[in-house]
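*Asks:* After the structure tokens below, expect a handful of questions from me.
The values are calculated or read from the model by the stated rules, or taken from the named source; none is laboratory data. Here the structure is a predicted model, which means the values were calculated and not measured. Don't worry about glycine lacking a Cβ; one is built from the backbone with ideal geometry, like all the others, and counts go over all protein chains shown.
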Amino acid sequence: MTREVDVCIIGAGSAGLYATGQVARITRNFVIIDPGPLGTTCARVGCMPSKVLIQAADDLWHARHHFAVQGIHGGEDVRADVRAVLAHVRKMRDGFASGPAGKAQKLADAGKLISAPARFVAPDAVEAGGETIRAKAFVIAAGSRPIVPQAWLDTFGPDKLLTTDTLFEQEDLPRRMAVLGMGVIGLEMGQALSRLGIEIVGVDMKETIGGLTDDGVAYSALSLFREEFPIWLGAPAELEPAENGAIRVKAGDNEAVVDKVLVALGRRPNLDRLNLEATGIALDERGLPDFDRQTMRIGDTAIFIAGDANGERQILHEAADEGRIAGYNAATLAKGGEVRRFRRKVPLAIVFTDPNIAMVGETFAALDARLVEDEGFVVGERDFSTQARARVMKANRGILHIYAGTEDGRLLGAEMCIPRGEHIAHELAWAMERQATIADLIAMPFYHPVIEEGLQNALHDAYGQLPDSVKVPGIPDVPFAE
Ligand SMILES: Cc1cc2nc3c(=O)[nH]c(=O)nc-3n(C[C@H](O)[C@H](O)[C@H](O)COP(=O)(O)OP(=O)(O)OC[C@H]3O[C@@H](n4cnc5c(N)ncnc54)[C@H](O)[C@@H]3O)c2cc1C
């Protein structure tokens, strides 16, 4: 059987569903393909279950460490029932996943969803579930999957070697675990599992954690997390079978025996299963096509790519934006219109550790490569160990660095590991969207006592280092100058 459609969307995850929303406004002649499970990575095995687990872990940790000193008794006896915590995670997860799964089901009921994997058979055709779908334009939104070395899988099997696809499905967790990969996902899960009472060792061959590129912030973050569980950096992990079905983890001079391993070594785009060879698209050494970040179009083809599948910013709000852009452009092109370029948002990344790690705008590493520190850009700092509101919250840990250009005093980016970093990062990203200068931000109201006062201090620190040519009379000596 052959279907002829305007647009074919491959993947009914977040990017695919957002793309479908845009496509449906332009044409009713579309089809979406997904073998399932439906419900999106974010809601089923990603953002949402991980945040539920972190919430439980942080509540426990807070009770244990902060209650007694505030005169509240009983906190020292609080314990996690890991089985019950995991059951709670699944219950919340089912609620979150039911929304997008329901949307996909509606498409299935309307005969617009094919429940099978898609593979290209020609530049303008895919096969799925025994059907050939010929389309004027395609959106590839096939997502990504955890990277797990096959040799490890062959030796230990999926029961001992967990990923975030299987972690939340566990009925219980063992006493000792290793988390391989101290990027965003590994660090979040490592800290949460450690706080829930599991003996964790974290391993990464890189010298930094959570994606941080600013040594000052990374050093502060690493010392904080190392107070909670051992983190071995700078050497690749090796796994060997140990006695009684355990696993020996080695990295450099370090060694530990654990019962299970959570593999968080990154995520591989699901492009290798799409038979892209049939499209004639050139792929780089990682198997990824080049595409335009403002149109999501691959070269001058009628194929658009959105979300984790393109291997770039593997985060939800970017998948949603990319899906919208790709969907709009695919349907417009299919209807004979012009592909439009869309402005992309200021980069914003948050790691939901405690304290939060966050990165906004240009990273320190990117600025350092582009500009000269002290001449091209300045770094404003606030050490949160003495920040008043953070002290009240018993969360006075970590460092905020903000970067400003010496040419015009504009905010260029920030890296941080601070309490409530998720909110400070948003405020800075929004300010950057408005092209704000440090002086503009100093002129904003800051209440007392709030975490934002720490940001205010970092702004003043940066402002003091800027050349007089970009300073505004009256700032920072008085709040406002007419
Ligand atoms: C543990 C974890 C925590 C995370 N936490 C956060 C967070 O806090 N904040 C944040 O912003 N992001 C977070 N993310 C990232 C976020 O979840 C992803 O960036 C986002 O879900 C990607 O959406 P997507 O549409 O690209 O992929 P998906 O939602 O995975 O959708 C891809 C779809 O394509 C389908 N598919 C695959 N192959 C084929 C094929 N051949 N044919 C047809 N269909 C196919 C799949 O079945 C799937 O339904 C987290 C991720 C993980 C794993």
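*Asks:* Would you mind finding the one in 74, 102 that is within 16 Å of residue 35 (Cα to Cα) and assigned by TED's automatic domain parsing to the domain that holds residue 323?
*Replies:* On inspection, the qualifying residue turns out to be 102.
*Asks:* Quick one: which of 390, 366, 309 is over 20 Å from the mean Cα position of the chain (by Cα) and in a helix (DSSP H, G or I)?
*Replies:* Only one candidate passes the filter, namely 390.
*Asks:* Continuing with the same structure: Might you let me know whether the stretch 410-427 holds any residue that is surrounded by fewer than 24 Cβ atoms within 10 Å (Cβ to Cβ) and over 24 Å from the mean Cα position of the chain (by Cα)?
*Replies:* There is at least one residue in the stretch 410-427 that is surrounded by fewer than 24 Cβ atoms within 10 Å (Cβ to Cβ) and over 24 Å from the mean Cα position of the chain (by Cα).
*Asks:* Can you say whether residue 375 is farther than 23 Å from residue 349 by Cα and not aliphatic (A, V, I, L, M), as far as the supplied structure shows?
*Replies:* Judged against the criteria, residue 375 is a match.
*Asks:* Among the residues of the stretch 202-218, what is the count of those that are outside any loop (DSSP other than H, G, I, E, B) and crowded, with 24+ Cβ neighbours inside 10 Å?
*Replies:* Qualifying residue count, the stretch 202-218: 4.
*Asks:* Out of the residues in the stretch 393-409 that are part of a strand (DSSP E or B) and touching a helix residue (DSSP H, G or I) at 6+ places or on another chain (Cβ under 8 Å), state the one that is surrounded by the most Cβ atoms within 10 Å (Cβ to Cβ).
*Replies:* By that ranking, first place goes to 400.
*Asks:* Here's another thing I want to ask about it. Just wondering, is there one or more residues in the stretch 56-69 that are within 16 Å of the ligand (Cβ to nearest atom), of a type in the set (D, E, K, R) and closer than 21 Å to residue 353 by Cβ?
*Replies:* Within the stretch 56-69 (the criterion being within 16 Å of the ligand (Cβ to nearest atom), of a type in the set (D, E, K, R) and closer than 21 Å to residue 353 by Cβ), the answer is yes, since at least one residue qualifies.
*Asks:* On to the next question. Just checking, does the stretch 23-43 include any residue being in a helix (DSSP H, G or I), more than 30 Å from residue 174 (Cβ to Cβ) and within 15 Å of the ligand (Cβ to nearest atom)?
*Replies:* Checked against the condition, which is being in a helix (DSSP H, G or I), more than 30 Å from residue 174 (Cβ to Cβ) and within 15 Å of the ligand (Cβ to nearest atom), the stretch 23-43 yields at least one hit.
*Asks:* Scanning for something surrounded by fewer than 22 Cβ atoms within 10 Å (Cβ to Cβ), more than 30 Å from residue 411 (Cβ to Cβ) and more than 12 Å from the ligand (Cβ to nearest atom), does the stretch 339-346 turn up at least one residue?
*Replies:* Yes, because at least one residue in the stretch 339-346 is surrounded by fewer than 22 Cβ atoms within 10 Å (Cβ to Cβ), more than 30 Å from residue 411 (Cβ to Cβ) and more than 12 Å from the ligand (Cβ to nearest atom).
*Asks:* Residue check: is residue 221 in contact with a strand residue (DSSP E or B) (Cβ under 8 Å, 6 or more places away or on another chain), outside any strand (DSSP E or B) and crowded, with 24+ Cβ neighbours inside 10 Å?
*Replies:* So residue 221 fits the description; yes.
*Asks:* Follow-up question, since we're still on this one. What are the residues in the stretch 151-188 that are within 15 Å of the ligand (Cβ to nearest atom) and without any contact (Cβ under 8 Å) to a residue 40 or more places away in the chain, if any?
*Replies:* 166
*Asks:* Right, residue 50: within 8 Å of the ligand (Cβ to nearest atom), assigned by TED's automatic domain parsing to the domain that holds residue 110 and in contact with a Cys (Cβ under 8 Å, 6 or more places away or on another chain) or not?
*Replies:* So residue 50 does not fit the description; no.
*Asks:* Kindly establish whether residue 461 is closer than 19 Å to residue 371 by Cβ and either over 27 Å from the mean Cα position of the chain (by Cα) or in a strand (DSSP E or B) (or both).
*Replies:* Judged against the criteria, residue 461 is a match.
*Asks:* Spot the failing condition for residue 57; the list is (1) farther than 30 Å from residue 16 by Cα; (2) within 23 Å of the chain's Cα centre (by Cα); (3) without any contact (Cβ under 8 Å) to a residue 40 or more places away in the chain, and only one is missed.
*Replies:* Checking residue 57 against (1) farther than 30 Å from residue 16 by Cα; (2) within 23 Å of the chain's Cα centre (by Cα); (3) without any contact (Cβ under 8 Å) to a residue 40 or more places away in the chain, the one that fails is (3).
*Asks:* Further question: What are the pairs with Cβ atoms under 6 angstrom where one residue, in the stretch 314-325, is under 23 Å from residue 183 (Cα atoms) and the other, located anywhere, is more than 6 Å from the ligand (Cβ to nearest atom) and β-branched (Val, Ile, Thr)? Sequence gap at least six, or different chains.
*Replies:* none
*Asks:* Considering only residues that are part of a loop (DSSP other than H, G, I, E, B) and either of a type outside the set (S, T, N, Q) or over 14 Å from residue 119 (Cα atoms) (or both), which ones fall in the stretch 274-290?
*Replies:* Within the stretch 274-290, 274, 280, 281, 282, 284, 285, 286, 287, 288, 290 meet the criteria.
*Asks:* While we're looking at this one, here's another question. Are there any pairs, at least 6 apart or on different chains, whose C-beta atoms fall under 7 Å, with the first in the stretch 378-397 and among the hydroxyl-bearing types (Ser, Thr, Tyr) and the second in a loop (DSSP other than H, G, I, E, B), and if so, which?
*Replies:* 385/396; 385/397; 386/396
*Asks:* Could you look through the stretch 102-148, keep only residues that are within 13 Å of the ligand (Cβ to nearest atom) and of a type in the set (D, E, K, R), and pick out the one that is farthest from the chain's Cα centre (by Cα)?
*Replies:* Looking at the filtered set, the residue picked out is 131.
*Asks:* Still on this structure, please answer the following. What are the pairs, 6+ residues apart or on separate chains, where a residue within the stretch 197-214 that is among the polar types (S, T, N, Q) has its Cβ under 7 Å from a residue that is in a loop (DSSP other than H, G, I, E, B)?
*Replies:* So the pair list comes out as 213/363.
*Asks:* Restricting to the stretch 176-190, name every residue that is among the hydrophobic types (A, V, I, L, M, F, W, C) and either under 11 Å from the mean Cα position of the chain (by Cα) or part of a helix (DSSP H, G or I) (or both).
*Replies:* Within the stretch 176-190, 184, 185, 187, 189 qualify.
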